[in-house]
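Peer 1: My questions will all concern the structure given below.
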Amino acid sequence: MPAKRLELVRGLGPWAAAAIVVGTMIGTGIFLKPAEMASGGGSVAVVFAAWVVGGVLSLFGALSFAELGASIPEAGGEYAYLRRGFGPAWGFLFGWMHSIVGRPASAASIAAGLLRFWGFLFPAVAVPFFTWHVSLPWMGKPYDLAFTWAQPLAVVAIAVITFINYLGVRLGGQVQVALTLIKIASVLAVVIFGFALGHGDKANFQPMVPPALGLGTIGAFLAALAAGLWAYDGWEDLNLVGSEVQEPQRNFPRALVGGVVLVGAIYLLFSAACFYVLPFDTLARSTHVASDVVERFAGSSAAQWMTLAMVIAALGSLNSSLLSGARVPYAMARDGIFFNVAATIHPKFRTPGGALIFQGILTSLMVLTGTFEELTSLFIFAAWIFYGLAVVAMFRMRHSEPDLPRPYRCWGYPWVPTAFVIGAMALTVNLWLARPIRSSLGLALILFGLVFYRHWRRGATGSQRPVIR
């Protein structure tokens with residue numbers, strides 16, 4: 001008689017669900033991306049427009065994903081939606097992208113950002129001790145791959161957070177709530193004290209508008225938007241742990257929609273405080289925006305404490321990223337279309353231990369070979385393709401499964417999800433045009449997964465297989 005297969009437990013309550021949404025979004029992005037947005041946008045108006053449009057686009061996505069999560073509360077998120085809406089191959093393509101490219105790049109970029117904060121406290125961490133010059137036929141100039149102590153330290157951080165989540169989803173959820181409260185307090189501290197003690201000047205908000213409107217302005221806006229969307233990214237992570245959320249019909253809409261609205265308001269206030277304290281050109285050149293803002297009005301000692309809080313904030317994002325990300329390879333392996341090791345559930349902790357370790361290894365390899373900006377651009381390009389496709393699957397299931405219980409229906413249907421799909425398509429096309437080589441390599445790696453899919457489909461004896469422990 002075959003052993004009964006272990007299942008994940010619904011151990012994430014409303015506070016943990018909200019903390020996953022808010023805690024993933026508020027991490028490294030808000031502390032690092034404002035400088036990239038200012039540099040790419042060229043004016044205050046373009047930067048704020050990017051924050052607003054990015055927030056609205058994320059809110060439209062959250063409204064759509066709230067319906068998907070409440071009606072199909074399964075592990076894997078988009079994997080489950082695309083599999084059900086379009087067929088197993090589409091679900092596999094998302095899961096392969098997420099497990100091999102998307103989530104390792106996302107978590108690795110968070111770890112890289114964490115060590116950039118650490119480099120502010122200990123500059124020696126960021127000093128290269130070895131540089132590898134890579135020359136490829138299609139590259140105009142060699143690519144310099146610099147190795148610093150930050151990279152192995154980032155691997156240590158990934159290993160520690162993976163171990164915490166290995167010990168149980170409730171522990172991971174509790175850690176996430178605590179770290180999320182710390183990071184919200186840190187961001188609000190910059191906002192409050194920046195306006196109260198910053199001695200800023202309205203002249204710092206110049207240039208307020210672009211010198212001229214044209215294609216250059218559109219390009220600047222899209223560059224700022226791509227950077228801003230990394231800071232907003234994370235609203236969809238709750239869907240990945242759908243089978244572990246308590247009362248999904250209530251907690252999905254509340255956590256997703258409420259989390260995006262809260263974070264959007266915080267981001268706008270934070271950016272306003274930064275522009276108030278630092279001149280626009282200074283902010284655009286900054287590599288540690290929040291630390292530089294605090295140092296301007298409170299001195300270097302306070303800036304170091306602020307940076308330490310930012311390290312904690314990054315740990316919170318890394319925790320929620322690794323917690324939610326492992327559920328996709330677990331769901332695929334459970335269905336027989338991924339490596340067997342990812343299907344194992346720890347008999348005591350009831351966590352997808354194999355998937356967590358698999359994800360941790362890939363993330364560690366990626367953090368050793370990429371920079372923060374390169375990793376984030378690769379993740380955004382790959383992920384937003386499937387965010388849009390998941391919402392298209394929602395449209396399809398409205399017609400193919402009209403009787404599917406939908407405790408929450410997307411507000412503004414069909415216009416809100418349609419606007420989201422159009423925005424997701426425009427973003428991915430723009431990112432491909434901006435970084436064609438890296439984006440094309442990422443797309444090729446995603447499509448290469450179909451080779452593995454054919455192999456696993458031939459070897460599978462059914463959609464459900466016993467877990468090998």
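The values are calculated or read from the model by the stated rules, or taken from the named source; none is laboratory data. Everything numeric in this text was worked out from a predicted model, so none of it was measured. Because the Cβ atoms are built from the backbone with ideal geometry, glycine has one as well, and the counts that use them run over all protein chains shown. Each accessible area value is taken on the protein alone, full model and side chains, heavy atoms only, with ligands, DNA and RNA left out. Shrake-Rupley method; radii C 1.70, N 1.55, O 1.52, S 1.80 Å.
Peer 1: Residues to consider are 209, 160, 156; find the one that is open to solvent by 60 Å² or more (accessible area, probe 1.4 Å), modelled with pLDDT of 80 or more and assigned to a loop (DSSP other than H, G, I, E, B). Spell out the reasoning first.
Peer 2: Details: 160 fails: assigned to a loop (DSSP other than H, G, I, E, B); 156 fails: assigned to a loop (DSSP other than H, G, I, E, B).
When all the criteria are applied, what remains is 209.
Peer 1: Pull up the stretch 442-463, narrow it to residues that are within 20 Å of the chain's Cα centre (by Cα) and not small (Gly, Ala, Ser), then point me to the one that is least open to solvent (accessible area, probe 1.4 Å).
Peer 2: Among them, the one singled out is 446.
Peer 1: For the stretch 228-281, which positions are within 24 Å of residue 293 (Cβ to Cβ) and among the small types (Gly, Ala, Ser)?
Peer 2: Of everything in the stretch 228-281, those that are within 24 Å of residue 293 (Cβ to Cβ) and among the small types (Gly, Ala, Ser) turn out to be 228, 231, 234, 264, 265, 271, 272, 273.
Peer 1: Another one. Within the stretch 242-255, restricting attention to residues that are surrounded by 22 or more Cβ atoms within 10 Å (Cβ to Cβ) and within 17 Å of residue 67 (Cβ to Cβ), which residue is modelled with the lowest pLDDT?
Peer 2: Residue satisfying both the conditions and the ranking: 242.
Peer 1: Please go through (1) under 17 Å from the mean Cα position of the chain (by Cα); (2) over 25 Å from residue 266 (Cα atoms) for residue 324 and return the number of the only condition it doesn't satisfy.
Peer 2: Failing condition for residue 324: (2).
Peer 1: Still on this structure, please answer the following. Please enumerate the residues belonging to the stretch 317-342 that are in a helix (DSSP H, G or I) and in contact with a Pro (Cβ under 6 Å, 6 or more places away or on another chain).
Peer 2: Scanning the stretch 317-342 gives 330, 342.
Peer 1: Then there is this: Quick test for you: out of 296, 285, pick the one residue that is within 26 Å of residue 438 (Cα to Cα), of a type in the set (D, E, K, R) and over 20 Å from the mean Cα position of the chain (by Cα). Walk me through it before giving the result.
Peer 2: Working: 296 fails: within 26 Å of residue 438 (Cα to Cα).
Just a single option satisfies the conditions, and that option is 285.
Conditions (1) assigned to a loop (DSSP other than H, G, I, E, B); (2) under 18 Å from the mean Cα position of the chain (by Cα); (3) crowded, with 24+ Cβ neighbours inside 10 Å, marked per residue:
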{"position": "181", "(1), (2), (3)": "no, no, no"}
{"position": "190", "(1), (2), (3)": "no, no, yes"}
{"position": "217", "(1), (2), (3)": "no, no, no"}
{"position": "257", "(1), (2), (3)": "no, yes, no"}
{"position": "262", "(1), (2), (3)": "no, yes, no"}
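Peer 1: Here are 314, 290, 303, 298: which of them is within 30 Å of residue 200 (Cα to Cα), part of a helix (DSSP H, G or I) and open to solvent by 20 Å² or more (accessible area, probe 1.4 Å)?
Peer 2: Of the residues listed, the single one that is within 30 Å of residue 200 (Cα to Cα), part of a helix (DSSP H, G or I) and open to solvent by 20 Å² or more (accessible area, probe 1.4 Å) is 298.
Peer 1: Can you give me the number of residues within the stretch 395-429 that are part of a helix (DSSP H, G or I), more than 25 Å from the chain's Cα centre (by Cα) and of a type in the set (Ser, Thr, Tyr)?
Peer 2: So the count comes out to 1.
Peer 1: Suppose we filter the stretch 11-40 for residues that are open to solvent by 10 Å² or more (accessible area, probe 1.4 Å) and part of a loop (DSSP other than H, G, I, E, B); how many remain?
Peer 2: Qualifying residue count, the stretch 11-40: 2.
Peer 1: Considering every residue within the stretch 72-86, establish whether at least one is open to solvent by 10 Å² or more (accessible area, probe 1.4 Å), in contact (Cβ under 8 Å) with a residue 40 or more places away in the chain, of a type in the set (D, E, K, R) and in contact with a Pro (Cβ under 9 Å, 6 or more places away or on another chain).
Peer 2: Looking through the stretch 72-86, none of the residues is open to solvent by 10 Å² or more (accessible area, probe 1.4 Å), in contact (Cβ under 8 Å) with a residue 40 or more places away in the chain, of a type in the set (D, E, K, R) and in contact with a Pro (Cβ under 9 Å, 6 or more places away or on another chain).
Peer 1: Out of (1) open to solvent by 40 Å² or more (accessible area, probe 1.4 Å); (2) in a helix (DSSP H, G or I); (3) in contact (Cβ under 8 Å) with a residue 60 or more places away in the chain, the odd one out for residue 347 is which?
Peer 2: (2)
Peer 1: Just to verify a result, which residue in the stretch 133-153, among those that are over 24 Å from residue 318 (Cα atoms) and either at pLDDT 65 or above or part of a loop (DSSP other than H, G, I, E, B) (or both), is most open to solvent (accessible area, probe 1.4 Å)?
Peer 2: Per the criteria, the residue is 141.
Peer 1: Got a number for residues in the stretch 327-356 being hydrophobic (A, V, I, L, M, F, W, C) and in contact with a strand residue (DSSP E or B) (Cβ under 9 Å, 6 or more places away or on another chain)?
Peer 2: Count: 2.
Peer 1: Any residue at all in the stretch 426-439 that is buried (at least 17 other Cβ atoms within 10 Å of the Cβ) and modelled with pLDDT of 90 or more?
Peer 2: no
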